[in-house]
Amino acid sequence: MATSTDFPASMLKTAAISARGVEMTFQSGRQSYRVLGGIDLEIQPGQIQLLMGPSGSGKTTLLSILAGILTPTAGSVKLLGTEITQLSAKELAQFRLKHIGFVFQGFNLFPALTTLENVELALNLHGIKGRPARLEAQLLLEQVGLADKLSLKPRDLSGGQKQRVAIARALAGHPKLIMADEPTASLDSHSGHAVIKLLQQLAKERQATVLIVTHDPRIMDVADRIAYLEDGLIQPGVG
């Protein structure tokens, strides 16, 4: 498996995700805490990239910066060729909606909505409404193996099934980037690997780029590349 730092220079201009010199420092009173110390990372279109490391290494902070949720203290972040650190808050929100799908550890499903309605709502945000949204939601749920669970609410689903709904929702609107934060942390070994294999399959079919933050070694086999973060730095030669 290739490491995250051995990409040919000729491919850099085509990167789906490009981080250069990303630093993040948080202030607490007079104290400052450096969380990220100069991150360089390139992820090519269609790749499945894992970002691994121990708790407190800065993985989720880096994911949040790459997703445009946090602004780095220093450095450049380009997504699909757009320098997102120079976008206004409104432009950034629109960019995320159009281009990024999110999968979270805690699923983040609406408990009062059915499986179908949870995915339909995501499609509504993309401007797809009514019957087209319902048909597209049904198709997405069929693709994740939940065609017979459309009318169930999250409380009636297993952890693995909830994460499949979350994947279907993340794929709504055909985003080119999928970002997942510890998506298997709440799942057993079988369910966790199954949902990540599913995400890998669907992402490849849709030519989406996937960044997964995880400490779960059970899903390493799905990755095209692995970067290892420790003490706010990507460690060389790991992958």
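FYI, it's all coordinate maths here, none of it is from the lab. Being a predicted model, the structure only gives us computed values, none of them experimental. Cβ coordinates were reconstructed from backbone atoms using ideal geometry, including for glycine residues, and neighbour counts include every protein chain displayed.
Could you work out the relative contact order of the chain? I mean the mean sequence separation of Cα pairs under 8 Å and 6+ apart, divided by the number of residues, in percent. Numbers along the way, then the final one.
On the way: 470 pairs, mean separation 72.8, N = 239.
For the chain, the relative contact order is 30 percent.
How much net charge surrounds I84 when only the other residues with a Cβ under 11 Å from the Cβ of I84 are counted, with Lys and Arg +1 and Asp and Glu -1? Walk me through the numbers before you get to the answer.
On the way: positive: K78, R96; negative: E83, E91.
Local charge sum for I84: 0.
In a GNM of the chain with a 10 Å cut-off on Cα contacts, which of A16, A166, A74 has the highest mean-square fluctuation?
Fluctuation is largest for A74.
Just the number, please: Stokes-Einstein D of the chain in µm²/s, Kirkwood Rh from C-alpha pairs, 37 °C, 0.692 mPa s.
Values: Rh = 18.3 Å.
For the chosen part, D equals 179 µm²/s.
Once the principal axes of the Cα atoms of region 142-236 are found, what is the range along each, listed largest first in whole angstroms?
Here the Cα extents, ordered largest to smallest, are 47, 28, 20 Å.
Calculate the spin-label point distance for A112 paired with D231, positioning each point 7 Å from the Cα along the beta-carbon direction, and give it in nanometres.
A separation of 5.0 nm, rounded to one decimal place.
Between E23, E83, E120, where does the largest GNM mean-square fluctuation fall for the chain, given springs only between Cα atoms within less than 10 Å?
For the chain, modelled as a Gaussian network with Cα springs under 10 Å, the answer is E83.
Subtracting the Cα-Cα distance from 0.36 nm times the residue separation, let me have the gained length for A74 to D40 in nm, one decimal.
Values: separation 34, 0.36 × 34 = 12.24 nm, distance 1.19 nm.
Gain on extension, A74 to D40, equals 11.0 nm.
Taking 7 Å along the Cα-to-C-beta vector as the label spot, tell me the S32-E205 distance in nanometres, rounded to one decimal.
Label-label distance for S32 and E205, simple model: 4.9 nm.
Report the residues of region 87-129 in range of a label on R155: point 7 Å along Cα→C-beta, backbone N strictly under 13 Å from it.
Counting backbone N atoms under 13 Å from the label point, the list is 111-114.
What does the extension gain come out to for H215 and Q94, with contour length at 0.36 nm per residue minus their alpha carbon separation?
Roughly 40.5 nm would be gained on extension.
State the answer as a single residue: which of S55, L41, N118 lies farthest towards the positive end of the charge dipole of region 1-140, with beta carbon charges of +1 for Lys and Arg and -1 for Asp and Glu, about the Cα centre.
About the Cα centre, the residue reaching furthest to the positive side is N118.
Can you compute the charge dipole magnitude of the chain about its Cα centre, using +1 on each Lys and Arg Cβ and -1 on each Asp and Glu Cβ, nothing else charged? Give it in debye, rounded to the nearest 20.
Values: 24 positive and 21 negative charges, 129 e Å.
Roughly 620 debye for the chain.
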